[in-house]
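K.L.:
Supplied in C-alpha coordinates, the structure appears directly below.
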Amino acid sequence: MTILLSVTGFDPMRWRAALEAADGDRDIVLEPARSDDPAIEYAVVWKQPPGLLENLPNLKAVFSLGAGVDHIFADRGLPDVPVVRIVAEDLTSRMSEYVVWRVLDHFRRGRAYRAQQVQTIWHERMQPAAREITVGIMGLGELGQDAARKLRVLGFQVAGWSRTEKAIDGIDTHAGQDGLDGFLAASDILVVLLPLTAETRGIIDAGLLSRLKRQTPLGGPVLINAGRGGLQNEAAILDALEQETLMEASLDVFNVEPLPSDHPLWRHPRVFITPHAAAVSDPDALAPAVMRQIAAHERGEPLRGVVDRAAGY
Ligand code: NDP
Ligand code: OXD
(Lines give C-alpha, C1' and ligand atoms only; values in the text may rest on other atoms or scores of the structure.)
(Ligands and ions follow the chains in the order given, each with its own letter.)
Protein backbone atom coordinates (compact mmCIF):
# COMPACT_ATOMS: atom_id res chain seq x y z
CA MET A 1 0.00 0.00 0.00
CA THR A 2 1.31 3.43 -0.95
CA ILE A 3 0.38 6.88 0.34
CA LEU A 4 0.53 9.74 -2.15
CA LEU A 5 1.65 13.04 -0.62
CA SER A 6 0.91 16.09 -2.76
CA VAL A 7 1.64 19.47 -1.23
CA THR A 8 1.69 22.93 -2.77
CA GLY A 9 2.51 25.94 -0.61
CA PHE A 10 3.86 23.98 2.37
CA ASP A 11 7.22 22.17 2.46
CA PRO A 12 6.51 18.61 1.19
CA MET A 13 9.75 17.26 2.65
CA ARG A 14 8.79 18.31 6.20
CA TRP A 15 5.47 16.55 5.76
CA ARG A 16 7.10 13.46 4.34
CA ALA A 17 9.55 13.30 7.25
CA ALA A 18 6.77 13.76 9.80
CA LEU A 19 4.54 11.11 8.17
CA GLU A 20 7.49 8.68 8.06
CA ALA A 21 8.39 9.44 11.66
CA ALA A 22 4.81 8.66 12.65
CA ASP A 23 4.80 5.31 10.84
CA GLY A 24 8.01 4.15 9.19
CA ASP A 25 6.46 1.08 7.56
CA ARG A 26 4.56 3.03 4.92
CA ASP A 27 5.61 3.75 1.38
CA ILE A 28 5.11 7.48 0.81
CA VAL A 29 5.53 8.95 -2.67
CA LEU A 30 5.48 12.56 -3.83
CA GLU A 31 4.74 11.67 -7.43
CA PRO A 32 2.65 8.67 -8.52
CA ALA A 33 4.58 6.16 -10.63
CA ARG A 34 1.74 6.42 -13.16
CA SER A 35 -1.46 8.47 -13.15
CA ASP A 36 -3.37 5.19 -12.60
CA ASP A 37 -0.91 3.77 -10.06
CA PRO A 38 -2.81 0.84 -8.44
CA ALA A 39 -0.56 0.85 -5.35
CA ILE A 40 -1.87 4.20 -4.09
CA GLU A 41 -4.68 3.76 -1.58
CA TYR A 42 -4.55 7.03 0.35
CA ALA A 43 -3.73 10.59 -0.65
CA VAL A 44 -2.57 13.26 1.79
CA VAL A 45 -2.86 16.63 0.12
CA TRP A 46 -2.74 20.39 0.30
CA LYS A 47 -3.77 22.03 -2.99
CA GLN A 48 -3.06 19.01 -5.14
CA PRO A 49 -2.74 19.65 -8.91
CA PRO A 50 -6.16 19.26 -10.58
CA GLY A 51 -6.69 15.77 -11.99
CA LEU A 52 -3.91 14.18 -9.92
CA LEU A 53 -6.29 11.84 -8.09
CA GLU A 54 -8.74 11.26 -10.93
CA ASN A 55 -7.52 7.91 -12.26
CA LEU A 56 -6.13 6.20 -9.17
CA PRO A 57 -8.17 2.96 -9.22
CA ASN A 58 -7.63 1.92 -5.60
CA LEU A 59 -7.84 5.27 -3.84
CA LYS A 60 -9.76 4.85 -0.57
CA ALA A 61 -9.65 8.31 1.04
CA VAL A 62 -8.17 11.79 0.67
CA PHE A 63 -6.79 13.63 3.71
CA SER A 64 -6.52 17.41 3.79
CA LEU A 65 -3.47 18.80 5.57
CA GLY A 66 -5.65 21.58 6.92
CA ALA A 67 -9.07 22.15 8.43
CA GLY A 68 -10.39 23.52 5.14
CA VAL A 69 -11.20 21.31 2.16
CA ASP A 70 -12.12 23.89 -0.49
CA HIS A 71 -8.70 23.32 -2.07
CA ILE A 72 -9.61 19.65 -2.56
CA PHE A 73 -13.08 20.28 -3.94
CA ALA A 74 -11.65 22.83 -6.39
CA ASP A 75 -10.34 19.78 -8.30
CA ARG A 76 -13.03 18.78 -10.80
CA GLY A 77 -11.40 15.38 -11.20
CA LEU A 78 -11.80 14.44 -7.54
CA PRO A 79 -12.93 10.80 -7.29
CA ASP A 80 -15.88 9.82 -5.11
CA VAL A 81 -13.99 8.75 -1.98
CA PRO A 82 -14.22 10.11 1.58
CA VAL A 83 -12.50 13.46 2.12
CA VAL A 84 -11.11 13.88 5.62
CA ARG A 85 -10.09 17.18 7.21
CA ILE A 86 -7.86 18.05 10.16
CA VAL A 87 -9.60 18.42 13.50
CA ALA A 88 -6.84 18.79 16.07
CA GLU A 89 -6.24 20.65 19.28
CA ASP A 90 -2.93 22.03 18.00
CA LEU A 91 -4.58 23.70 15.00
CA THR A 92 -7.62 24.83 16.97
CA SER A 93 -5.49 26.45 19.69
CA ARG A 94 -3.43 28.29 17.10
CA MET A 95 -6.56 29.73 15.53
CA SER A 96 -7.96 30.79 18.89
CA GLU A 97 -4.64 32.50 19.68
CA TYR A 98 -4.96 34.46 16.43
CA VAL A 99 -8.58 35.41 17.10
CA VAL A 100 -7.93 36.47 20.69
CA TRP A 101 -4.82 38.42 19.60
CA ARG A 102 -6.66 40.33 16.90
CA VAL A 103 -9.76 40.98 19.02
CA LEU A 104 -7.61 42.29 21.88
CA ASP A 105 -5.48 44.44 19.59
CA HIS A 106 -8.52 46.15 18.06
CA PHE A 107 -10.28 46.36 21.41
CA ARG A 108 -7.25 47.82 23.26
CA ARG A 109 -6.59 50.41 20.51
CA GLY A 110 -3.39 48.83 19.23
CA ARG A 111 -3.41 50.74 15.95
CA ALA A 112 -3.97 54.13 17.58
CA TYR A 113 -1.30 53.61 20.23
CA ARG A 114 1.25 52.40 17.67
CA ALA A 115 0.62 55.57 15.66
CA GLN A 116 0.91 57.71 18.81
CA GLN A 117 4.23 56.07 19.72
CA VAL A 118 5.70 56.97 16.32
CA GLN A 119 4.83 60.60 17.11
CA THR A 120 5.75 60.34 20.83
CA ILE A 121 2.20 61.31 21.82
CA TRP A 122 1.20 60.56 25.43
CA HIS A 123 -2.59 60.39 25.24
CA GLU A 124 -4.85 57.94 26.99
CA ARG A 125 -7.78 56.74 24.89
CA MET A 126 -11.23 55.90 26.13
CA GLN A 127 -11.25 52.16 26.88
CA PRO A 128 -14.54 50.26 27.15
CA ALA A 129 -14.75 47.11 29.27
CA ALA A 130 -14.74 43.73 27.53
CA ARG A 131 -18.30 43.10 28.76
CA GLU A 132 -19.45 46.10 26.67
CA ILE A 133 -18.23 44.50 23.44
CA THR A 134 -19.97 41.74 21.51
CA VAL A 135 -17.74 39.61 19.32
CA GLY A 136 -19.84 37.94 16.62
CA ILE A 137 -18.35 34.74 15.23
CA MET A 138 -19.50 33.56 11.80
CA GLY A 139 -18.95 29.81 11.83
CA LEU A 140 -19.50 27.97 15.09
CA GLY A 141 -17.59 24.82 14.20
CA GLU A 142 -14.42 23.41 15.76
CA LEU A 143 -12.58 26.69 15.47
CA GLY A 144 -15.44 29.10 16.09
CA GLN A 145 -16.58 27.37 19.26
CA ASP A 146 -13.10 27.24 20.77
CA ALA A 147 -12.48 30.93 20.01
CA ALA A 148 -15.91 31.75 21.47
CA ARG A 149 -15.10 29.98 24.75
CA LYS A 150 -11.75 31.75 25.06
CA LEU A 151 -13.27 35.16 24.38
CA ARG A 152 -15.93 34.47 27.02
CA VAL A 153 -13.19 33.77 29.56
CA LEU A 154 -11.82 37.26 28.81
CA GLY A 155 -15.23 38.76 29.55
CA PHE A 156 -16.49 39.56 26.03
CA GLN A 157 -20.09 38.99 25.06
CA VAL A 158 -20.08 36.43 22.26
CA ALA A 159 -22.64 35.84 19.54
CA GLY A 160 -22.34 33.12 16.93
CA TRP A 161 -23.83 32.30 13.55
CA SER A 162 -23.98 28.87 11.93
CA ARG A 163 -25.93 27.03 9.25
CA THR A 164 -27.83 24.82 11.70
CA GLU A 165 -29.29 25.80 15.08
CA LYS A 166 -27.00 25.44 18.11
CA ALA A 167 -27.33 25.86 21.85
CA ILE A 168 -23.99 26.71 23.48
CA ASP A 169 -23.71 27.85 27.08
CA GLY A 170 -22.97 31.57 27.34
CA ILE A 171 -23.13 32.20 23.58
CA ASP A 172 -25.96 34.06 21.87
CA THR A 173 -26.50 31.75 18.90
CA HIS A 174 -28.15 32.55 15.55
CA ALA A 175 -28.60 30.33 12.51
CA GLY A 176 -29.31 30.49 8.80
CA GLN A 177 -30.42 33.42 6.67
CA ASP A 178 -33.21 34.23 9.14
CA GLY A 179 -30.72 34.63 11.96
CA LEU A 180 -28.15 36.66 10.07
CA ASP A 181 -29.53 40.19 10.48
CA GLY A 182 -29.97 39.88 14.25
CA PHE A 183 -26.48 38.42 14.55
CA LEU A 184 -24.85 41.19 12.50
CA ALA A 185 -26.75 43.93 14.32
CA ALA A 186 -25.38 42.60 17.62
CA SER A 187 -21.71 42.38 16.54
CA ASP A 188 -19.16 45.09 17.43
CA ILE A 189 -16.33 42.89 16.20
CA LEU A 190 -17.10 40.36 13.45
CA VAL A 191 -14.85 37.30 13.33
CA VAL A 192 -15.21 35.11 10.24
CA LEU A 193 -14.36 31.43 10.63
CA LEU A 194 -16.56 30.00 7.89
CA PRO A 195 -15.52 27.40 5.32
CA LEU A 196 -15.56 28.41 1.67
CA THR A 197 -18.51 26.70 0.00
CA ALA A 198 -20.97 27.47 -2.78
CA GLU A 199 -23.21 29.06 -0.11
CA THR A 200 -20.59 31.15 1.65
CA ARG A 201 -18.55 32.42 -1.31
CA GLY A 202 -18.57 36.24 -1.34
CA ILE A 203 -20.72 36.45 1.79
CA ILE A 204 -18.72 39.38 3.23
CA ASP A 205 -19.99 41.95 0.78
CA ALA A 206 -21.24 45.54 0.91
CA GLY A 207 -24.71 44.42 2.03
CA LEU A 208 -23.38 42.38 4.93
CA LEU A 209 -20.95 45.07 6.06
CA SER A 210 -23.74 47.66 6.02
CA ARG A 211 -25.80 45.52 8.41
CA LEU A 212 -23.14 45.46 11.14
CA LYS A 213 -23.79 47.45 14.30
CA ARG A 214 -22.98 51.12 13.61
CA GLN A 215 -22.78 52.71 17.05
CA THR A 216 -20.12 50.70 18.83
CA PRO A 217 -17.91 51.52 21.83
CA LEU A 218 -14.95 51.24 19.43
CA GLY A 219 -16.29 53.95 17.10
CA GLY A 220 -17.45 51.52 14.41
CA PRO A 221 -17.46 47.84 13.51
CA VAL A 222 -14.30 45.77 13.10
CA LEU A 223 -13.85 42.81 10.73
CA ILE A 224 -11.50 39.89 11.33
CA ASN A 225 -11.41 37.23 8.58
CA ALA A 226 -9.36 34.07 9.07
CA GLY A 227 -11.74 31.77 7.16
CA ARG A 228 -11.01 32.06 3.46
CA GLY A 229 -10.35 34.95 1.08
CA GLY A 230 -13.12 33.75 -1.22
CA LEU A 231 -15.62 34.68 1.49
CA GLN A 232 -14.82 38.37 1.12
CA ASN A 233 -15.36 41.04 -1.49
CA GLU A 234 -12.18 43.06 -1.07
CA ALA A 235 -13.42 46.10 -2.99
CA ALA A 236 -16.44 46.24 -0.66
CA ILE A 237 -14.17 46.09 2.38
CA LEU A 238 -12.06 48.96 1.03
CA ASP A 239 -15.19 51.01 0.28
CA ALA A 240 -16.59 50.40 3.75
CA LEU A 241 -13.26 51.46 5.28
CA GLU A 242 -13.24 54.63 3.16
CA GLN A 243 -16.80 55.46 4.21
CA GLU A 244 -15.89 54.58 7.80
CA THR A 245 -18.83 52.20 7.99
CA LEU A 246 -16.04 49.75 8.80
CA MET A 247 -13.53 51.05 11.33
CA GLU A 248 -10.69 48.52 11.13
CA ALA A 249 -9.98 45.08 9.71
CA SER A 250 -7.59 42.19 10.33
CA LEU A 251 -7.34 39.96 7.30
CA ASP A 252 -5.40 36.69 7.17
CA VAL A 253 -6.86 35.33 3.93
CA PHE A 254 -7.37 36.80 0.46
CA ASN A 255 -8.95 36.02 -2.89
CA VAL A 256 -5.47 35.87 -4.43
CA GLU A 257 -2.66 34.55 -2.24
CA PRO A 258 0.02 35.76 -1.90
CA LEU A 259 -1.79 39.12 -1.85
CA PRO A 260 -0.33 41.00 -4.87
CA SER A 261 2.12 43.69 -3.74
CA ASP A 262 0.13 46.45 -5.49
CA HIS A 263 -3.14 45.52 -3.76
CA PRO A 264 -4.51 48.58 -1.88
CA LEU A 265 -5.27 46.47 1.21
CA TRP A 266 -1.53 46.24 1.91
CA ARG A 267 -1.27 49.97 2.40
CA HIS A 268 -4.55 50.76 4.06
CA PRO A 269 -3.74 52.33 7.45
CA ARG A 270 -6.66 50.63 9.18
CA VAL A 271 -6.02 47.14 7.85
CA PHE A 272 -3.77 44.59 9.57
CA ILE A 273 -2.53 41.83 7.28
CA THR A 274 -1.07 38.41 8.00
CA PRO A 275 -0.08 35.97 5.20
CA HIS A 276 -2.60 33.14 5.77
CA ALA A 277 -0.76 32.41 9.00
CA ALA A 278 -3.61 32.40 11.53
CA ALA A 279 -3.30 28.67 12.20
CA VAL A 280 -0.53 26.83 10.44
CA SER A 281 -0.63 23.07 10.09
CA ASP A 282 2.37 21.79 12.03
CA PRO A 283 3.58 18.51 10.47
CA ASP A 284 4.95 17.13 13.74
CA ALA A 285 1.67 17.78 15.55
CA LEU A 286 -0.68 16.63 12.80
CA ALA A 287 1.04 13.83 10.85
CA PRO A 288 0.68 11.19 13.61
CA ALA A 289 -3.11 11.61 13.60
CA VAL A 290 -3.27 11.17 9.82
CA MET A 291 -1.21 7.99 10.02
CA ARG A 292 -3.33 6.67 12.90
CA GLN A 293 -6.46 7.30 10.86
CA ILE A 294 -5.04 5.39 7.88
CA ALA A 295 -4.11 2.44 10.12
CA ALA A 296 -7.57 2.49 11.72
CA HIS A 297 -9.27 2.61 8.33
CA GLU A 298 -7.27 -0.40 7.19
CA ARG A 299 -8.56 -2.26 10.26
CA GLY A 300 -12.08 -1.45 9.10
CA GLU A 301 -12.72 1.35 11.61
CA PRO A 302 -14.60 4.49 10.51
CA LEU A 303 -12.71 7.65 9.56
CA ARG A 304 -13.13 10.74 11.76
CA GLY A 305 -13.48 14.22 10.26
CA VAL A 306 -15.07 13.11 6.98
CA VAL A 307 -16.63 16.15 5.33
CA ASP A 308 -20.11 16.34 3.88
CA ARG A 309 -19.53 16.55 0.16
CA ALA A 310 -22.91 18.08 -0.61
CA ALA A 311 -22.44 20.86 1.95
CA GLY A 312 -18.81 21.35 0.88
CA TYR A 313 -17.34 21.35 4.41
P1 NDP B 1 -16.17 23.41 10.82
O2 NDP B 1 -16.63 22.63 9.65
O3 NDP B 1 -15.97 22.72 12.12
O4 NDP B 1 -17.19 24.62 11.09
C5 NDP B 1 -17.74 25.38 10.07
C6 NDP B 1 -18.80 26.28 10.64
O7 NDP B 1 -19.30 27.12 9.61
C8 NDP B 1 -19.99 25.50 11.21
O9 NDP B 1 -20.48 26.11 12.37
C10 NDP B 1 -21.02 25.61 10.09
O11 NDP B 1 -22.38 25.55 10.51
C12 NDP B 1 -20.72 27.02 9.59
N13 NDP B 1 -21.24 27.18 8.23
C14 NDP B 1 -20.91 26.51 7.11
N15 NDP B 1 -21.65 26.92 6.07
C16 NDP B 1 -22.48 27.87 6.55
C17 NDP B 1 -23.49 28.65 5.96
N18 NDP B 1 -23.82 28.54 4.68
N19 NDP B 1 -24.15 29.52 6.77
C20 NDP B 1 -23.84 29.63 8.07
N21 NDP B 1 -22.88 28.92 8.68
C22 NDP B 1 -22.21 28.04 7.93
O23 NDP B 1 -14.85 24.14 10.36
P24 NDP B 1 -13.64 24.68 11.27
O25 NDP B 1 -14.20 25.48 12.36
O26 NDP B 1 -12.72 23.57 11.61
O27 NDP B 1 -12.87 25.60 10.20
C28 NDP B 1 -13.51 26.69 9.59
C29 NDP B 1 -12.66 27.23 8.45
O30 NDP B 1 -11.53 27.93 8.94
C31 NDP B 1 -12.03 26.18 7.51
O32 NDP B 1 -12.98 25.68 6.59
C33 NDP B 1 -10.96 27.00 6.83
O34 NDP B 1 -11.47 27.63 5.68
C35 NDP B 1 -10.60 28.06 7.86
N36 NDP B 1 -9.24 27.90 8.39
C37 NDP B 1 -8.33 28.90 8.18
C38 NDP B 1 -7.06 28.79 8.68
C39 NDP B 1 -6.09 29.91 8.54
O40 NDP B 1 -4.90 29.72 8.87
N41 NDP B 1 -6.50 31.08 8.10
C42 NDP B 1 -6.62 27.60 9.42
C43 NDP B 1 -7.66 26.62 9.60
C44 NDP B 1 -8.92 26.77 9.08
P45 NDP B 1 -22.96 24.22 11.20
O46 NDP B 1 -22.32 24.18 12.57
O47 NDP B 1 -24.40 24.47 11.27
O48 NDP B 1 -22.55 23.07 10.34
C1 OXD C 1 -6.55 25.30 6.90
C2 OXD C 1 -5.69 26.44 6.58
O3 OXD C 1 -7.58 25.12 6.26
O4 OXD C 1 -4.54 26.49 7.07
O5 OXD C 1 -6.19 24.54 7.81
O6 OXD C 1 -6.11 27.34 5.86
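K.L.:
Find the accessible area per residue for segment 1-159; the probe is 1.4 Å, ligands and nucleic acids are left out, and the unit is Å². Walk me through the intermediate numbers first.
P.N.:
Numbers: 7770 Å² over 159 residues.
Result: 49 Å² of accessible area for each residue.
K.L.:
Further question on the same structure: What distance in nm lies between label points placed 7 Å from Cα along the C-beta direction at GLN116 and LYS60?
P.N.:
Rounded to a tenth, the inter-label distance reads 6.1 nm.
K.L.:
Relative to a virtual label point 7 Å from the Cα of VAL280 in the Cα→beta-carbon direction, which members of segment 18-44 show backbone nitrogen distances below 18 Å?
P.N.:
18-19
K.L.:
Enumerate the amide H contacts of ALA159 below 5 Å, restricted to partners 5 or more residues apart or on another chain; note that Pro and chain-start residues carry no placed amide H.
P.N.:
Amide H to amide H, under 5 Å and 5 or more residues apart or across chains, ALA159 pairs with VAL135, GLY136, ILE137, ASP172.
K.L.:
From the backbone phi of segment 269-284, what are the Karplus-calculated ³J(HN,Hα) couplings (6.51 cos²θ - 1.76 cosθ + 1.60, θ = phi - 60°) in whole Hz, Gly and Pro given as x?
P.N.:
For segment 269-284, the Karplus curve yields x, 10, 10, 10, 10, 10, x, 6, 10, 4, 9, 6, 7, 8, x, 5 Hz.
K.L.:
Along the charge dipole of segment 33-125, Cβ charges K/R +1 and D/E -1, which of THR92, TRP122, LEU78 sits furthest on the positive end?
P.N.:
Toward the positive end, the furthest listed residue is TRP122.
K.L.:
Show me, for segment 29-43, the HN-Hα J-couplings you get by feeding each phi into the Karplus relation (A = 6.51, B = -1.76, C = 1.60, θ = phi - 60°), rounded to Hz, glycine and proline as x.
P.N.:
Once θ is set to phi - 60°, the couplings for segment 29-43 become 10, 8, 10, x, 4, 9, 5, 10, 4, x, 6, 7, 10, 9, 10 Hz.
K.L.:
While we're on this one: List the residues whose amide H sits under 5 Å from the amide H of ILE224, counting only those 5 or more places along or on another chain, with H placed 1.01 Å from N in the peptide plane.
P.N.:
Those lying under 5 Å, H to H, from ILE224 are LEU190, VAL191, VAL192, SER250.
K.L.:
Expressed as a whole percentage, what fraction of the accessible surface of the chain belongs to carbon and sulfur atoms when a 1.4 Å probe is rolled over the protein heavy atoms? Could the numbers behind the result be given before it?
P.N.:
Values: 7510 of 14880 Å².
The value for the chain is 50 percent carbon and sulfur by accessible area.
K.L.:
Quick one: compute the contact order of the chain, relative version, from alpha carbon pairs under 8 angstrom and 6+ residues apart, as a percent.
P.N.:
Details: 566 pairs, mean separation 51.6, N = 313.
Relative contact order for the chain comes out at 16 percent.
K.L.:
Quick one: if the Förster radius is 22 Å, what FRET efficiency do GLU298 and ALA198 give, using the C-beta to C-beta distance and rounding to 0.05? Don't skip to the end; give the middle numbers.
P.N.:
Numbers: r = 33 Å, r/R0 = 1.51.
It comes to 0.10.
K.L.:
By the scheme Lys and Arg +1, Asp and Glu -1, what is the net charge of all other residues having a beta-carbon under 13 Å from that of ASP37? Don't skip to the answer; put the middle values down first.
P.N.:
Details: positive: ARG34; negative: ASP27, GLU31, ASP36, GLU41, GLU54.
Combined, the nearby Lys, Arg, Asp and Glu give -4.
K.L.:
Also, quick follow-up: Between ASP80 and GLN243, what length comes free when the chain is fully extended (0.36 nm per residue of separation minus the Cα-Cα distance, one decimal in nm)? Show your work: numbers first, answer last.
P.N.:
Details: separation 163, 0.36 × 163 = 58.68 nm, distance 4.66 nm.
Difference between extended and current length: 54.0 nm.
K.L.:
If Lys and Arg each add +1 and Asp and Glu each add -1, what is the summed charge of the other residues whose beta carbon sits under 11 Å from the beta carbon of THR92? If you can, show how the numbers build up before the last one.
P.N.:
Details: positive: ARG94, ARG149, LYS150; negative: GLU89, ASP90, GLU97, GLU142, ASP146.
Around THR92, the surrounding residues sum to -2.
K.L.:
While we're on this one: Please give the per residue accessible area of segment 179-313, computed with a probe of 1.4 Å over protein heavy atoms only, in Å². It would help to have the intermediate numbers written out before the result.
P.N.:
Numbers: 5830 Å² over 135 residues.
Heavy-atom SASA per residue in segment 179-313 reads 43 Å².
K.L.:
Another one. In sequence order, what are the phi-derived ³J(HN,Hα) couplings for segment 199-207 according to the Karplus relation 6.51 cos²θ - 1.76 cosθ + 1.60 with θ = phi - 60°, rounded to whole Hz, with x for glycine and proline?
P.N.:
Couplings: 7, 9, 4, x, 5, 8, 10, 4, x Hz.
K.L.:
Something else now. Treat each spin label as a single point 7 Å out from the Cα along the C-beta direction, and report the MET126 to LEU104 distance in nm.
P.N.:
That separation, rounded to one decimal, is 2.5 nm.
K.L.:
Another question, then. Rounded to the nearest 0.05, what FRET efficiency do ALA311 and ILE168 have when you use their Cβ-Cβ distance and R0 = 25 Å?
P.N.:
0.80
K.L.:
Suppose the chain between ARG270 and MET1 were pulled fully straight at 0.36 nm per residue; how much longer would it get relative to their current alpha carbon spacing? Display every interim value, and only then the final one.
P.N.:
Values: separation 269, 0.36 × 269 = 96.84 nm, distance 5.19 nm.
Full extension of this stretch gives 91.7 nm more.
K.L.:
Roughly what would the spin-label model give for ALA39 and VAL87, points 7 Å off Cα along C-beta, in nm?
P.N.:
In this crude label model, ALA39 to VAL87 measures out at 3.4 nm.
K.L.:
So which lysines can LYS150 reach, going by Cα to Cα under 19 Å and dropping same-chain residues fewer than 8 places off?
P.N.:
Partners found: LYS166.
K.L.:
Which lysines, on any chain, are close to LYS47 with Cα under 24 Å apart, when same-chain ones fewer than 8 places away are left out?
P.N.:
Of all the lysines, those that pass the test against LYS47 - Cα under 24 Å, at least 8 places apart if same chain - are LYS60.
K.L.:
Here is a follow-up. Quick one: which residues, 5+ away or cross-chain, put their amide H under 5 Å from the amide H of GLY68? H built at 1.01 Å from N.
P.N.:
none
K.L.:
A further question on this structure: Mind putting a number on the dipole of segment 19-156 about its Cα centre? Charges go on the C-beta only, +1 for Lys and Arg and -1 for Asp and Glu, and I need it in Debye to the nearest 20. Let's see the in-between values first.
P.N.:
On the way: 17 positive and 20 negative charges, 268 e Å.
The dipole of segment 19-156 has a size of about 1280 debye.
The values are calculated or read from the model by the stated rules, or taken from the named source; none is laboratory data. Treat the numbers as computed from the prediction; the structure is a model and nothing was measured. Every residue, glycine as well, gets a Cβ built from its backbone with ideal geometry; the counts of neighbours run over all protein chains shown. Areas reflect the complete protein model, heavy atoms only, side chains present, ligands, DNA and RNA absent. Shrake-Rupley method; radii C 1.70, N 1.55, O 1.52, S 1.80 Å.
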